[in-house]
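Structure record follows, encoded as structure tokens.
Derivation of every value follows stated rules applied to the coordinates shown; laboratory data play no part. Keep in mind the model is a prediction, meaning the values are calculated, not measured. So basically every Cβ, Gly included, is an ideal-geometry build from the backbone, and we count neighbours across all protein chains shown.
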Amino acid sequence: MINKIAKFLFIGIKEDIDIFFTRAQNQGKIEFIPASGQMRHEYPRHIQDLISAISVLHKQQKLDSYHGDVIVPAEIVDYVLTLKKTIETLEEEARLLKLDITRVGPLGDFSLMELDDLRQRTGRQMRFYSSKHEAIRPDNFPDDLIHITTDHDLDYYVSFTKHTIHFHGLIELHVQDSVGQLKSKLRNVEINRTKTKEKLASQAVYLELLKDSLLCEFNHFNFKTAKEEITDQVKGSLFSVEAWMPVKQKEELSELLKGLAIHAEEIAVEKSDKIPTAMENKGVGAIGEDLVHIYDTPATGDKDPSKWVFFSFAFFFAVIIADAGYGFIYLLLGLFMKFKIKSPKPFMRRFTTLVLTLATTCIVWGVLISSFFGLQLYPGNPLVKYSLIGEITKQKVAYHIERQDTSYHEMITAVPSLKGITDPETFLEKGFVIKEGKKDYVIMKGTSDTIMLEFSILIGMFHVSLGLLRNLRKHWAGIGWVSAIFGSYLYFPKILGAVTLANVLGITIPPASFELGLQMLCLGLGVALILSFIQNKWGGLGEIVKSIEIFADVLSYLRLYALGLAAMILADTFNSIGTMVHFAFGFLIIIIGHCTNMVLGIMGGVIHGLRLNFLEWYHHCFEGGGRLFQPLRNITGDD
């Protein structure tokens, strides 16, 4: 639900400012409008450091909370950040030492003191060089150069001369530490890093203390900001401030201002004002609100789409997953989250409920279409025979058999032995071909696929129509487009030479349905144009372009069929590969394959399940671009 927001002006004496803002923060129902127009402020350095310290300690092993003497949080923050910086410095030093070891390693281990002693006694100095492999030809090899080794496509050389000699094509390597010395330094750095990490890990005991301190700092900062930057002093003794507040909570103003020399008055909203959107939802509505905020915040003139998005997303997700077996696995995951996570925060409780809801819809839809881990079930199997898809498939086959139409002839061409069979159940049971030594029930599969394809279009028709009807107050032409959508569904099969589920189930009968569809299509287009012209004057003539948008939006729901079909094909493929190899290896292939398919299904279900709401559906019933209502309130650990 989106609450109506009113604008108020508060005027009072300066002495009551602190009490007024303290009460307002405790109440958490008022958003003050800053005189500067700036709603957000950068947090001061000590709060940023506190957030950084908490982020660092979150990565450490969870320890019991500290319950000892009073500890100053600022000292813990400084110590944690110092340790973090030290660890980063040591890690960088270790990285550089490893690079030096890699660079110097091919030269061998030697003592720099011995080399210096040798230079003093002989007057000769040892120098090291490197080049790309075979960069120096054997017939042009310098006499003063000795090849040491080749490593990583690089040749390493050494010279022992009295004077510096520059060799063409060679890079001189300056060695300040030997390999042994570098490894010794690296060991010391690793030891220091380990000890520092242990010190940092010991600070995890203060994590809850720092979190409580952060909440206090947030509340103090918000209070200070509201009081100092929003308050407008009038002659040094009075203040005035404007604020937003839900209309339904106006009666709480008397309690807020009780005993204070402050007056509140509702004032007119100016055209330049950006009215915040105050959303209030509970139960599934709150879960839907979480989903809505992923994409955009509704405008104040929008109808709250939270519950609609929740239920439609759950349904779309189930259609995309298209498997009751996968839904059962998701259900186990949801139950694990529910019972494993102790004292979850509100968001985690809502997320767990969402997972359980999605799992349940997947199971229900999977049973309705008789899909279980991609297994091909025999048409006479009770799971198929008494399922929704099984019943509709049987009726559609019976429809084609009775009329001996083009689809019927295509089926008996694919399976000639079906000719003469009039019972739809027998027709489906015998409608198979032998493929790779197995029965492939092509009639049942082909018929059910066309049913699911048409069902996806029907989902799009109803979902888009729902959006148009929800927005009739702002877009009168929507009623005409709804008529055109369903008229197209009834009429276009005549052009395509096809039948619809409405025909198969006896809801409509050709050719009467074709005539009705044409009438609804023409009437809908006319009504849409006329109503748009009445509502928008000459600008309404552009309404005809919306036909392309609606057509594209409805067809976009075919992704439900495509993704569901792809998931079933992948599941069946993994099952087939697994049965073709040794049992143990095949079982592993099946497990890994289905796990991969489930992960892909979650990605597709979430992305496309939300996309159909946020793009195709929002086109017709959602303005968006709102700013969320952010009252001054006390932040708690549940936020």
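Worth pointing out:
- A full extension of the chain between GLU75 and THR150 corresponds to an added length of 21.6 nm, given 0.36 nm per residue minus the alpha carbon distance.
- Charge tally in the Cβ shell below 13 Å around ASP153, where Lys, Arg are +1 and Asp, Glu are -1, ASP153 excluded: -2
- Calculated FRET efficiency for the pair LYS445/GLU623, C-beta based, R₀ 45 Å, to 0.05: 0.55
- Within the chain, the selection of entire DSSP H helices by a Cα span of 24 Å or greater along the long axis and an average Kyte-Doolittle value of at least 0.5 returns 346-368, 442-470, 478-496, 512-536, 558-579, 583-611.
- Relative contact order for the chain, counting Cα pairs under 8 Å that sit 6 or more residues apart, in percent: 20 percent
- Cut-off 14 Å between beta-carbons: net charge of the residues surrounding MET603, Lys and Arg +1, Asp and Glu -1: +2
- Dividing the helix sum by the residues of the chain, where each DSSP H run of 4 or more adds -39500 (n - 2.57), gives a mean residue ellipticity at 222 nm of -19000 deg cm²/dmol.
- Estimated FRET transfer efficiency when R0 is 45 angstrom, pair CYS522-GLU251 (beta carbons, to 0.05): 0.25
- Low-density loop positions, chymotrypsin sites (Phe, Trp or Tyr not before Pro), segment 76-167 - DSSP coil, at most 15 other Cβ in 10 Å: PHE110
- Unit Cα scatterers, Debye sum, the chain: log10 I(q)/I(0) for q = 0.05, 0.10 Å⁻¹: -0.47, -1.07
- Check: segment 405-487 dipole with +1 on Lys, Arg Cβ and -1 on Asp, Glu Cβ, in debye: 460 debye
- Distant-in-sequence amide H partners of ILE635 (H built 1.01 Å from N, under 5 Å): ASN219
- Global form of segment 298-337, assessed from the alpha-carbon gyration tensor, a/c cut-off 1.5: oblate
- Evaluated with a Cβ-only charge set (Lys, Arg +1; Asp, Glu -1), the chain carries a dipole of roughly 900 debye about its Cα centre, given to the nearest 20.
- Gyration tensor verdict on segment 591-639 (Cα atoms; rounded if a/c is under 1.5, prolate if a/b is larger than b/c, oblate otherwise): oblate
- Counting DSSP beta bridges with both ends in the chain, the antiparallel % (nearest 5): 95 percent
- Cα-centre dipole for segment 94-208 with unit charges at Cβ (Lys and Arg positive, Asp and Glu negative), debye to 20: 520 debye
- Residue-by-residue Karplus 3J(HN,Hα) for segment 619-636, coefficients 6.51, -1.76, 1.60, Hz, glycine and proline x: 3, 10, 8, 9, 8, x, x, x, 10, 5, 5, 10, x, 6, 8, 7, 7, 10
- Separation of alpha-carbon centers, segment 466-524 and segment 381-448, rounded to whole Å: 29 Å
- Distance between segment 146-167 and segment 592-639 - C-alpha centres, whole angstrom: 62 Å
- Within the same chain, lysines fewer than 8 places from LYS307 are excluded, and of the rest, those with a Cα less than 19 Å from its Cα are LYS4, LYS282.
- Within a straight-line Cα-Cα reach of under 27 Å, LYS419 can be paired with the following lysines, leaving aside sequence neighbours fewer than 8 residues apart in one chain: LYS385, LYS394, LYS396, LYS430, LYS435, LYS438, LYS439, LYS445, LYS494.
- Surrounding net charge for LEU332, when Lys and Arg each add one and Asp and Glu each subtract one, Cβ distance under 12 Å: +2
- Since only THR422, SER448, HIS475 are under comparison, the one whose Cα sits farthest along the positive direction of the charge dipole of segment 418-475, derived from C-beta charges on Lys, Arg, Asp and Glu, is HIS475.
- Interchain or long-range residues, amide H under 5 Å from ILE148's placed H: TYR156, TYR157, VAL158
- Cα gyration tensor category, rounded, prolate or oblate, for segment 471-555 with a/c compared to 1.5: prolate
- Summarising the amide proton neighbourhood of ALA261: residues at separation of 5 or more, or on other chains, whose placed amide H is nearer than 5 Å comprise ILE13.
- Within the straight-line cut-off of under 26 Å between alpha carbons, the lysines reachable from LYS62 are LYS84, LYS85, LYS195, LYS197, LYS199, LYS211, LYS338, LYS340, LYS342, LYS345, sequence neighbours fewer than 8 places apart in one chain being disregarded.
- Between ASP212 and ASP49, the FRET efficiency estimated from the beta carbon spacing at R0 = 25 angstrom works out to 0.95.
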